[in-house]
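Here's the structure we're looking at; comments come further down.
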Amino acid sequence: MKEKQDAKVTAPSLTGRVGGGSFKYFPHTEEDLQEMLKTVGVSSVHDLFADIPEAARFGRDYNLPQALSETDLRLFFEQLTAPFNTQQLICFAGAGCYDHYAPSVVQNIIQRSEFLTSYTPYQAEISQGTLHYIFEYQSMIAELTGLDISNASMYDGATATAEAAMMAWDNAKKATRLLVAETVDPKVRRVVDTYAHFHGVPIQLIPAKNGSLDREVLDQELAAGGVAGVIVQQPNYFGIIEDYTGIADAVHSQKGLFVINANPSDLAILKTPAEWGADVAVGEGQSLGIPMTYGGPGVGYMACTEKLMRKLPGRIVGQTLDNRGQRAFVLTLQAREQHIRRQKATSNICSNQSLMALYVTIYLSIMGREGLREVAEMSYAGAHSLRDKLIASGKFKDTFPGQPFFNEFCLDYDGDLDTLLEVATECGYLAGVKVGEHTLMLAVTEQRTPEEIDELCEILGKVNQ
Amino acid sequence: MNRTLYGNLIFELSKRGRKGYSLPQDYDRTHTTAELPASLRRKDVARLPECDELTVVRHYTNLSHNNFGVNDGFYPLGSCTMKYNPVINEEIAAMKTFASLHPLQSAETCQGALEIYYNLQQSLAELAGLSEFTLNPCAGAHGELTGLMIIRAYHEANGEVRTKVLIPDSAHGTNPASAAVCGLEVVEVKSLPDGTVDVEHLRQLLDEMGPQVAAMMMTNPNTLGIFEPCVLEITDMVHKAGGLMYYDGANLNALLGECRPGDMGFDVMHINLHKTFSTPHGGGGPGSGPVGVRKGLEQFLPTPHVVLEKDETGESRYAVACDAVKQSSQQQGVSQSSLGSVGSFFGNFGVMLKAYAYILSLGREYIKQVGPLATLNANYIKESLRDDYLLPITGLCKHEVVFDGLRDKSTGVTTMDVAKRLLDYGYHAPTIYFPLLFHESLMIEPTENESKETIDAFIDVMHRIAEEAKSDPEMVKSAPHNTPIGRVDDVLAAKHPILTYWQAEADKG
């Protein structure tokens with residue numbers, strides 16, 4: 001049993017003024033309570049808990065702040081978001097979370113309570129809204145990745161990658177290990193390693209060379225056989241667009257799966273996972289206009305070939321007909337899922353990030369065929385312009401010379417990086433992510449104006465090394 | 001909704017040359033993606049829709065009309081805790097400062113956000129009667145998996161190989177599925193006819209395989225809405241066998257104010273913020289499934305974790321710990337190692353904001369009324385419907401009640417039919433055919449937010465459907481009649497899967 005509560009909950013320094021006995025979320029009047037208690041046949045609500053053993057009863061008040069009125073609640077959060085508490089920075093950081101343009105239409109529509117306050121669409125007759133947009137979402141993800149099918153979404157890019165790792169392992173008959181490129185985001189690798197450790201998947205890391213996958217090592221490992229799958233990232237963690245030619249054939253020759261974690265925003269331009277021969281594509285959908293919100297909620301996506309359909313984890317929506325002959329959508333292939341198959345399910349995933357899948361669907365409808373390409377072009381142009389300018393300043397060097405990149409890149413800096421980042425912060429800029437003692441990784445999206453790019457160069461140029 | 005006008009897929013509304021966005025045009029075009037070798041570029045342009053803004057707005061607005069949410073009407077979906085999702089919470093979560101926070105910006109620049117994160121960790125620990133929480137998991141099932149990883153990490157650190165997890169046969173399907181993903185073997189514990197754990201069977205299992213038992217997972221109140229009367233004995237037995245007790249927080253709402261999992265002897269648990277702490281379900285996510293542990297297990301929690309530390313000057317500041325969480329009590333022989341990470345960043349921060357706003361709105365005064373009011377509503381429904389619906393377990397229930405279909409089975413009207421007929425009357429259906437203990441399970445959870453009038457009206461409709469089952473069974477069996485679409489052909493969907501617009505087009509031939 002818990003001893004004295006030592007949790008230090010710093011109460012908002014505001015006095016609660018919530019009025020008398022009743023509360024805005026509880027409709028029960030005294031009269032209601034009495035009538036209901038009478039029907040149930042008890043004299044107090046606490047009698048409803050008479051079956052709880054005395055020793056398990058909680059006999060005191062929670063050590064929590066007093067109730068706040070709506071006015072005070074607003075004040076409280078306003079205080080916490082005041083600049084001295086939480087700073088909004090001009091963002092040149094990426095590493096898996098990007099500051100892209102979010103069309104106002106998206107935020108407006110996902111706030112519609114019919115979408116927001118509904119449950120997983122089990123009752124198809126009154127959930128066609130959700131089922132319809134998930135079908136559209138699946139179609140869009142399939143189109144971007146070039147693969148046949150997609151599920152209804154996953155928690156995030158990292159867990160989607162871990163699910164792909166388990167899918168490859170469970171799919172393999174005689175494999176001894178799963179290969180993961182060192183150029184995959186270390187945060188994603190950490191999640192894959194965690195899941196793999198407990199699921200019993202031996203992971204072997206394929207080292208990096210000049211920022212990209214060491215093909216020599218990979219080819220050797222593939223030649224040795226026993227590979228359940230290979231997981232790579234595109235563009236990779238350092239922003240480099242890698243050439244994955246030939247990997248698929250070598251993996252397939254031993255019945256393994258080729259998994260690519262791809263940034264879906266860049267797929268407007270870049271070669272698709274399907275074109276690289278991947279069986280499974282996964283990744284983080286946050287780059288499709290979802291606000292950063294300290295890293296979540298985003299949305300993981302997962303697409304695969306039709307052949308793997310029954311091994312795909314998560315919810316899937318299919319098209320069918322209703323008894324009036326109309327086109328309708330419904331959760332399907334549920335025989336894979338936990339509520340039917342229990343421990344034999346393809347995954348334990350139950351709910352996912354449905355509303356964020358709606359976000360992506362509306363975003364892609366608004367941006368469309370041309371808009372997503374324009375976003376990619378602008379991000380590419382901005383990143384290359386910033387890189388040129390920083391190199392020209394003489395203070396930075398390419399970390400991986402000659403490597404093609406999209407909208408994120410690494411530069412070496414001889415001076416103290418922490419100081420550099422602090423100075424930039426003081427000027428209101430998040431100048432990137434430190435990925436090595438002397439290596440800075442910067443990302444540029446279409447949100448960054450030419451003026452901001454120039455100002456960042458100026459700030460970084462002025463710092464004494 | 002007019003299906004002919006508005007029932008299209010967005011792709012069917014697309015027309016070449018239209019666009020719904022506007023982006024700045026003045027940028028440095030020195031570099032274009034045409035520089036990239038063709039071998040790195042996609043061959044065909046992605047066939048995303050091309051629509052003007054109004055077309056998109058109208059399309060999704062119309063789709064929303066085909067959905068039913070808590071704001072639309074009574075949603076007695078058992079086990080899902082469809083409580084009211086306060087609007088103020090949405091306002092707070094949408095604040096621009098939160099929306100524009102990058103997860104890798106330094107702790108110094110986001111002390112306010114970290115304070116919320118930290119306080120939510122602490123508040124949940126207090127509400128659960130446990131020592132420390134991680135907010136990293138994104139959903140209930142994700143929390144279960146994380147919790148089981150903690151349990152395995154604990155046994156590994158003790159140098160023990162324990163591979164079995166005991167799960168009551170009445171448990172949610174996610175329990176065994178999470179155990180399997182975590183590399184554990186599931187052993188089912190039988191239920192007694194009243195739906196509670198068969199303690200004798202548990203004793204037998206522990207005698208047989210005690211040293212192999214990693215944990216027992218329990219939902220309490222269980223999936224029948226019944227509080228497990230022997231819970232203290234059960235946690236004690238499993239502890240004596242060296243196993244840990246896992247609490248599935250799916251039904252925590254019932255106990256708010258009355259009882260805490262930690263005080264019942266549970267070691268590890270998850271909480272569904274999207275159930276008990278009022279964050280919206282969003283049609284199936286994003287949720288949040290924080291996991292709590294008792295003293296002595298903190299070091300196994302996943303990272304990142306938010307801590308409160310004192311700097312050189314003695315000033316308190318919030319920091320992000322990426323390594324193992326500090327142990328509050330040093331245990332001999334137990335390593336300091338975190339299980340790893342279960343997500344890219346910190347979890348669904350946007351959801352946490354809403355949950356914390358909810359906790360502050362209710363405060364210590366009103367949170368304690370949640371369980372009692374939810375439980376009163378459920379018992380009121382139980383007593384009011386038992387004349388027409390078969391009540392297999394007659395004692396007190398907690399936040400939800402399970403019926404075994406209509407009392408009069410002679411009409412042939414099933415639980416499915418009752419559920420579909422409810423849609424016609426403007427209600428969401430209860431959870432059906434779960435738990436699996438009964439053939440015609442109909443599981444009703446009203447939550448504390450529903451008024452007596454709402455519940456009375458629902459009770460009337462349930463009685464009316466029972467009447468209709470006798471007077472016009474065919475009409476009930478063919479329900480719903482007033483919904484945008486009729487019953488769907490699940491078999492066709494599964495036998496001939498069409499999962500994308502492209503497959504649908506190809507199928508037309």
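The values are calculated or read from the model by the stated rules, or taken from the named source; none is laboratory data. On a predicted model such as this, the values are computed, not experimentally measured, just so you know. Ideal geometry is used to build each Cβ from the backbone, glycine not excepted, and the neighbour counts take in all protein chains shown.
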### Query
Does residue A:283 fit the bill of being on the phi > 0 side of the Ramachandran plot and either within 12 Å of chain B (Cβ to nearest Cβ) or of a type in the set (Ser, Thr, Tyr) (or both)?
yes
### Summary
Sole miss for residue A:112 among (1) within 26 Å of residue B:282 (Cβ to Cβ); (2) outside the structural domain of residue A:239 (by TED's automatic domain parsing) is condition (2)
### Evaluation of residue B:475 against (1) closer than 21 Å to residue B:384 by Cβ; (2) surrounded by 15 or more Cβ atoms within 10 Å (Cβ to Cβ) (one fails), failing number
(1)
### Query
Residue check: is residue B:133 under 27 Å from residue B:445 (Cβ atoms), aromatic (Phe, Trp, Tyr) and in contact with a Pro (Cβ under 9 Å, 6 or more places away or on another chain)?
yes
### Task
Select from the stretch B:281-299 the residues that are in contact with an Asp or Glu (Cβ under 9 Å, 6 or more places away or on another chain) and not in a loop (DSSP other than H, G, I, E, B) and list them in ascending order.
B:291, B:292, B:293, B:298
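Checking the conditions here, which among A:345, A:335 is over 22 Å from residue B:286 (Cα atoms) and either in the same structural domain as residue A:120 (by TED's automatic domain parsing) or aliphatic (A, V, I, L, M) (or both)?
Numbers: A:345 fails: over 22 Å from residue B:286 (Cα atoms).
None of the other options fit; the residue is A:335.
When residues of the stretch A:47-80 are filtered for being part of a helix (DSSP H, G or I) and within 43 Å of the chain's Cα centre (by Cα), how many remain?
Restricting attention to the stretch A:47-80, the residues satisfying the condition of being part of a helix (DSSP H, G or I) are A:47-49, A:54-56, A:70-80.
Those left that are additionally within 43 Å of the chain's Cα centre (by Cα): A:48-49, A:55-56, A:70-80.
Adding up the residues that qualify gives 15.
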### Considering residues of the stretch B:490-499 that are more than 27 Å from the chain's Cα centre (by Cα) and at the interface with another protein chain (Cβ under 7 Å from one of its Cβ atoms) only, the residue surrounded by the most Cβ atoms within 10 Å (Cβ to Cβ)
B:498
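Tell me which helices (runs of 4 or more DSSP H) are completely within the stretch B:439-509 and hold 1 or more residues being hydroxyl-bearing (Ser, Thr, Tyr), or say none if there are none. Before you say what the answer is, go through the steps one by one.
Details: elements: B:452-471, B:473-477, B:490-495, B:501-508.
Result: B:452-471, B:501-508.
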### Message
Take the residues in the stretch A:102-134 that are in contact with a helix residue (DSSP H, G or I) (Cβ under 9 Å, 6 or more places away or on another chain) and more than 7 Å from every other protein chain (Cβ to nearest Cβ); name whichever of them is farthest from residue A:429 (Cα to Cα).
### Response
A:131
### Query
Residues of the stretch A:301-329 being farther than 23 Å from residue A:145 by Cα and either in contact (Cβ under 8 Å) with a residue 60 or more places away in the chain or surrounded by 16 or more Cβ atoms within 10 Å (Cβ to Cβ) (or both), which ones?
A:320, A:321, A:322, A:327, A:328
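One line per residue, one yes/no per condition, for (1) farther than 30 Å from residue A:103 by Cβ; (2) surrounded by 16 or more Cβ atoms within 10 Å (Cβ to Cβ); (3) touching a helix residue (DSSP H, G or I) at 6+ places or on another chain (Cβ under 6 Å):
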position	(1), (2), (3)
A:383	no, yes, no
A:389	no, yes, yes
A:437	yes, no, no
A:442	no, yes, no
A:446	no, yes, yes
A:451	no, no, no
A:462	yes, no, no
### Message
Give me the residue from the stretch B:478-489 that is closer than 26 Å to residue B:408 by Cβ and within 30 Å of the chain's Cα centre (by Cα) and, out of that set, surrounded by the fewest Cβ atoms within 10 Å (Cβ to Cβ).
### Response
B:482
### Task
Count, please, the residues in the stretch A:412-444 that happen to be within 16 Å of residue A:235 (Cβ to Cβ) and in a strand (DSSP E or B).
5
#### Entry: Qualifying residue in the stretch B:185-199 (condition: within 12 Å of another protein chain (Cβ to nearest Cβ), closer than 30 Å to residue B:397 by Cβ and more than 23 Å from the chain's Cα centre (by Cα))
yes
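Listed here are the residues, each with its yes/no results for (1) more than 30 Å from residue A:274 (Cα to Cα); (2) touching a strand residue (DSSP E or B) at 6+ places or on another chain (Cβ under 6 Å); (3) among the aliphatic types (A, V, I, L, M); (4) free of Cβ contacts under 8 Å to residues at least 24 places away in the same chain.
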| site | (1), (2), (3), (4) |
| --- | --- |
| B:37 | no, no, no, yes |
| B:41 | no, no, no, yes |
| B:71 | yes, no, no, yes |
| B:75 | yes, no, no, no |
#### Entry: Some residue of the stretch A:132-153 being within 12 Å of residue A:352 (Cβ to Cβ), surrounded by 24 or more Cβ atoms within 10 Å (Cβ to Cβ) and out of contact with any Leu (no Cβ under 9 Å at 6 or more places or on another chain)
yes
### Query
What single numbered condition from (1) within 30 Å of residue B:319 (Cα to Cα); (2) modelled with pLDDT of 95 or more; (3) out of contact with any Leu (no Cβ under 9 Å at 6 or more places or on another chain) fails to hold for residue A:104?
(1)
### Query
Restricting attention to the stretch B:68-78, does a residue exist that is at pLDDT 95 or above, touching a Leu at 6+ places or on another chain (Cβ under 7 Å) and not assigned by TED's automatic domain parsing to the domain that holds residue B:453?
yes
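Can you pull out the residues in the stretch B:87-102 that are within 24 Å of the chain's Cα centre (by Cα) and either within 7 Å of chain A (Cβ to nearest Cβ) or part of a helix (DSSP H, G or I) (or both)? So that I can check it myself, show each step before the final result.
First, pick out the residues of the stretch B:87-102 that are within 24 Å of the chain's Cα centre (by Cα): B:87-94, B:98-99.
B:87, B:88, B:89, B:90, B:91, B:92, B:93, B:98, B:99 - these are the residues of the stretch B:87-102 that are within 24 Å of the chain's Cα centre (by Cα) and either within 7 Å of chain A (Cβ to nearest Cβ) or part of a helix (DSSP H, G or I) (or both).
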#### Entry: Matching residues, the stretch B:8-26, being free of Cβ contacts under 8 Å to residues at least 24 places away in the same chain and of a type in the set (A, V, I, L, M)
B:23
#### Entry: Qualifying residue in the stretch B:116-126 (condition: over 18 Å from the mean Cα position of the chain (by Cα), closer than 28 Å to residue B:176 by Cβ and within 7 Å of another protein chain (Cβ to nearest Cβ))
yes
### Task
Output the number of the condition that residue A:133 fails; it satisfies all remaining conditions of (1) more than 22 Å from residue B:499 (Cβ to Cβ); (2) assigned to a helix (DSSP H, G or I).
(1)
### Task
Read through the list (1) small (Gly, Ala, Ser); (2) in contact with a Pro (Cβ under 9 Å, 6 or more places away or on another chain); (3) more than 7 Å from chain B (Cβ to nearest Cβ); (4) under 29 Å from residue A:168 (Cβ atoms), then give the number of the only condition that residue A:295 fails.
(3)
### Task
Determine whether the stretch A:345-355 contains at least one residue that is within 25 Å of the chain's Cα centre (by Cα) and within 19 Å of residue B:105 (Cβ to Cβ).
no
### Message
What's the number of the only condition in (1) within 14 Å of another protein chain (Cβ to nearest Cβ); (2) basic (Lys, Arg); (3) surrounded by fewer than 24 Cβ atoms within 10 Å (Cβ to Cβ) that residue A:189 fails to meet?
### Response
(3)
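Inside the stretch B:393-406, can you point out the residues that are modelled with pLDDT of 95 or more and either surrounded by fewer than 16 Cβ atoms within 10 Å (Cβ to Cβ) or closer than 23 Å to residue B:82 by Cα (or both)? Reasoning before the result, please.
Filtering the stretch B:393-406 down to residues modelled with pLDDT of 95 or more leaves B:397-406.
Across the stretch B:393-406, the qualifying residues are B:397, B:398, B:399, B:400, B:401, B:402, B:403, B:404, B:405.
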